[in-house]
Structures are given as structure tokens and as C-alpha cells.
Ligand code: SF4
């Protein structure tokens, strides 16, 4: 640290991140555009390789909806029995909150997001709308070639906006830089697991989410600063239950819900919140064709999730292994209401946990929930039962 510079506390850094992360007017993105004159591309959940956007000279911006604002027009576009995310994304678009974005990328996550991409074309014909398909065939010569082609198509589309051609060298550099960001995030995830009292998930979450609106270098600097501050902190350790939270990979729960779980006695030691930010698990290779490297990462380096089909995958095995690796005592399924991908997979994951003797509980949420008392009681009962059970055995 520079001489004379006072170290900020983790709370202070988290407070700054929360302001950025939950600003549904994308104030940081607007500021970046004004300062640099650059272009920005939004990407919906779950996962878009941000390297392609970086290499096109644009700012990648994660658009994950918002539970903070009143939905006035967004509801009129959807039936009542689907999740909340598309309503808030449409509301953000119609109210000008996404005006700072020159393009929107819709990855093939589910029918809702696919339909939203079509709707976006009708609503915002002046903007680039790109639907990014993903491979279901894991043969590198088939699915791999297909996905690399999809990423090349994305690169061409973005280049038309930014005027910057995506060269192989630029893409390799972007992969190398994102490898560094992923390394920083992994270190932080490991610190959370080793000392969960030092890294509350409510802080880690806003830190991650702020990165969806910030240039990579600035965000990496924040992550490093938070890591050092958290490591140096002396927060008291409680006899909480170590849990993994799963199901929140797309529509995000309100921050109040994450805090409620912590208040209920949970140390969240791993999760799939904002999964697009930590979907790739390892460093990607820098040799060879970079589009093929990114395409292969879908098969070889990605986390298990419902919208990533893997032939021969034993559903739930990944979750069991993750729970063991993090020495978690239980799993909380927290999925958005009406989220087909999460809720269709959930029974298979629960079966796998049952077979492995791992305790679990489940509830549903919407991004705009404001009442957390029932969840406080449910999660509190769950953590109490884990603790009592482990003491009795
Ligand atoms: S919350 Fe679920 S159903 Fe809704 S858009 Fe996301 S993945 Fe699709």
C-alpha cells in the first residue's frame, strides 16, 4: 500500500460496491462512456464470454434485472406465470435505464431469455441484438466448431459497432487478462470458504456484481483491495452452519435475502449467485486459436448448471463434490419462482444429496421480494437442526 494511504475496511469497500451494483440506471457505465467515448454491450444471464466484448474494445455490462424499481410497463409484456427478471429488464429498457448500452447479447439460457431477445429486436430496432446460441453436442469437431463459429459471429457483430476488429492477438490478450480476474475471484472464494466470518457472502456478492458495470482493471483493483482488507479484518467467528446456496444463477435474489440467510446463522461457503461471473473454473489456454479456446471452455472448464447440457453427467454429482470440498453441512435451494431450468433440475440434485446424506432445504424468491421473515424462520430452523444433529451424532 502507498505511504499515507489509509486502508479501507471491507465494509467500506462493500458499501461502495453495493451502490454501483444495485444502481439500475447503470451510473458507472454512463460515467465510463462519458470519460472514454467508448461503446458498451449488455449481456443477459447466465454466461457470455466477456473476452469477446473486451477484444472488440467494448465494455461488457451484465444485465441481471433489478428488484429495486417499480414495474409499470414491464408486466404488460408477460403472462403472470414466468419469472420476474424479464419484466424488470423490459422496464429498464423502456425507461431509458439501458440507454448507455449499444448492444444486448442474449445467451441461450432458457425460453424466457430467447423470447426476450425477439422482443428486444421489436422494441429497440436501432440497437444491436445478438442471440448467442450454445452447443449441446460436446464433440469438439461438432459442438466445438459450432460454438467457435457463434463466437466469431458475435465478434463480427460487435466490431461493426465499435469499429475495432477482434484479432486473434487481441482475443488472446483478453483471455489472459480474464484469467487473472478469475484467479483473483478464486482466491477470494477460497478465503470465504476457509474463513467465512471474514468474507460474508453479502459483501462478496456486491463486489462481484459491481464488476458487471465496471472496467475490468478497476474491478480487479477493488477485488485485490477487498481481499487484503478482509484478510486483515478481525471479525468474530460464530458457530454458524456452513451451507452452499444453489439455484440463483440467473434472476438474482434481493440483497436483503442474502443478509437474512446470514442472520439466520448461515455461513454461505459457496453459491451460484451471479454465476456468469464465476462460471469458468480454471485458467484458459493461451496457445492456439482463441475462439476455439473459448468454445472448448464451455465443455472443459465450466461449472455445472441447468442450461449447460452435458451428456452422461450424473446430475447432482457436482453439487455433492462441491459441498464436500467446501466442508458444507447443508445445501439451501434458493431458486426464482417459475424458473424452469432451476426447478426442473432441483429434484435430481435433491436425490443426489439424499444419497450422499447431505441435509437440504428449499424456498423460492423473486428479485423484488421485500418480506424475509418466513425465510429467516425457515433458514434458522435449518441451521439449528444441522447444529443439533451434528452434536447428537
Ligand atoms: S430466472 Fe430462470 S426462467 Fe427466468 S430467465 Fe432466468 S433461467 Fe430463465
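The values are calculated or read from the model by the stated rules, or taken from the named source; none is laboratory data. Since this is a predicted model, take the numbers as computed values, not measurements. As a convention, Cβ positions derive from the backbone with ideal geometry for all residues, glycine included, and neighbour counts pool all protein chains shown.
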If you scan region 340-361, which residues turn out to be within 15 Å of the ligand (Cβ to nearest atom) and either under 23 Å from residue 377 (Cβ atoms) or assigned to a strand (DSSP E or B) (or both)? 342, 343, 346
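Looking at the structure I just gave you, is residue 333 out of contact with any strand residue (DSSP E or B) (no Cβ under 6 Å at 6 or more places or on another chain) and either at pLDDT below 95 or under 26 Å from residue 44 (Cα atoms) (or both)?
no
With respect to residue 309, determine if the residue is within 16 Å of the ligand (Cβ to nearest atom), farther than 30 Å from residue 72 by Cβ and assigned to a loop (DSSP other than H, G, I, E, B). First the steps, then the outcome.
Working: within 16 Å of the ligand (Cβ to nearest atom): yes; farther than 30 Å from residue 72 by Cβ: yes; assigned to a loop (DSSP other than H, G, I, E, B): yes.
Judged against the criteria, residue 309 is a match.
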Could you list, ordered by first residue, the pairs with Cβ atoms under 9 Å in which the first is in region 331-357 and on the phi > 0 side of the Ramachandran plot and the second is within 16 Å of the ligand (Cβ to nearest atom) and assigned to a helix (DSSP H, G or I), at least 6 apart or interchain? 338/112
Within region 16-35, the residues that are under 12 Å from residue 208 (Cα atoms) and outside any helix (DSSP H, G or I) are 22
Subset of region 68-112 [under 20 Å from the mean Cα position of the chain (by Cα) and assigned to a helix (DSSP H, G or I)]: 85, 86, 87, 88, 89, 90, 92, 111, 112
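Of 265, 247, which residue is under 19 Å from residue 386 (Cα atoms) and touching a strand residue (DSSP E or B) at 6+ places or on another chain (Cβ under 7 Å)?
Details: 247 fails: under 19 Å from residue 386 (Cα atoms).
Step by step, each of 265, 247 is checked, and only 265 is under 19 Å from residue 386 (Cα atoms) and touching a strand residue (DSSP E or B) at 6+ places or on another chain (Cβ under 7 Å).
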Options 132, 171; residue that is surrounded by 18 or more Cβ atoms within 10 Å (Cβ to Cβ) and in contact with a strand residue (DSSP E or B) (Cβ under 9 Å, 6 or more places away or on another chain): 132
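Taking the condition of being assigned to a loop (DSSP other than H, G, I, E, B) and at pLDDT 95 or above, how many residues in region 370-393 meet it? Give the derivation first.
As a first pass, look at region 370-393 and keep what is assigned to a loop (DSSP other than H, G, I, E, B): 370-372, 393.
With the extra rule that they be at pLDDT 95 or above, the set shrinks to 372.
Total meeting the criteria: 1.
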Tell me which residues, restricted to region 113-128, are within 16 Å of the ligand (Cβ to nearest atom) and either closer than 16 Å to residue 276 by Cβ or touching a strand residue (DSSP E or B) at 6+ places or on another chain (Cβ under 9 Å) (or both). 113, 114, 116, 117, 118, 120
Would you be able to tell me the number of residues in region 37-87 that are within 26 Å of residue 302 (Cβ to Cβ) and either surrounded by fewer than 18 Cβ atoms within 10 Å (Cβ to Cβ) or more than 16 Å from the ligand (Cβ to nearest atom) (or both)? 15
Pair list, Cβ under 7 Å, 6 or more apart: region 176-197 residue in contact (Cβ under 8 Å) with a residue 24 or more places away in the chain, other residue surrounded by fewer than 17 Cβ atoms within 10 Å (Cβ to Cβ) and in a helix (DSSP H, G or I): 184/224; 191/231
Applying the selection to region 291-314, what residues are without any contact (Cβ under 8 Å) to a residue 40 or more places away in the chain and either touching a strand residue (DSSP E or B) at 6+ places or on another chain (Cβ under 7 Å) or farther than 19 Å from residue 273 by Cα (or both)? 300, 301, 312, 313, 314
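Regarding residue 164, is this residue touching a residue at least 60 places away in the same chain (Cβ under 8 Å), touching a strand residue (DSSP E or B) at 6+ places or on another chain (Cβ under 9 Å) and within 30 Å of residue 94 (Cα to Cα)? Before the answer, list the steps.
Numbers: touching a residue at least 60 places away in the same chain (Cβ under 8 Å): yes; touching a strand residue (DSSP E or B) at 6+ places or on another chain (Cβ under 9 Å): yes; within 30 Å of residue 94 (Cα to Cα): yes.
Criteria met by residue 164.
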Here is a list: 291, 279, 249. Which entry is closer than 24 Å to residue 168 by Cα and within 16 Å of the ligand (Cβ to nearest atom)? 279
Pull out all pairs, ordered by first then second residue, where Cβ-Cβ is under 8 Å, the residues are six or more apart or on different chains, the first lies in region 50-61 and is at positive phi, and the second is surrounded by fewer than 24 Cβ atoms within 10 Å (Cβ to Cβ) and at pLDDT 95 or above. 57/38; 57/39; 57/162; 57/163; 57/164
Residue in region 134-148 that is touching a residue at least 60 places away in the same chain (Cβ under 8 Å), within 24 Å of residue 341 (Cβ to Cβ), within 14 Å of the ligand (Cβ to nearest atom) and within 22 Å of the chain's Cα centre (by Cα) present: yes
Scan region 76-88 and report the pairs whose first residue is free of Cβ contacts under 8 Å to residues at least 60 places away in the same chain and under 14 Å from residue 250 (Cβ atoms) and whose second residue is within 11 Å of the ligand (Cβ to nearest atom) and part of a helix (DSSP H, G or I), with Cβ atoms within less than 7 Å and a gap of 6+ or a chain change. 86/112; 86/116
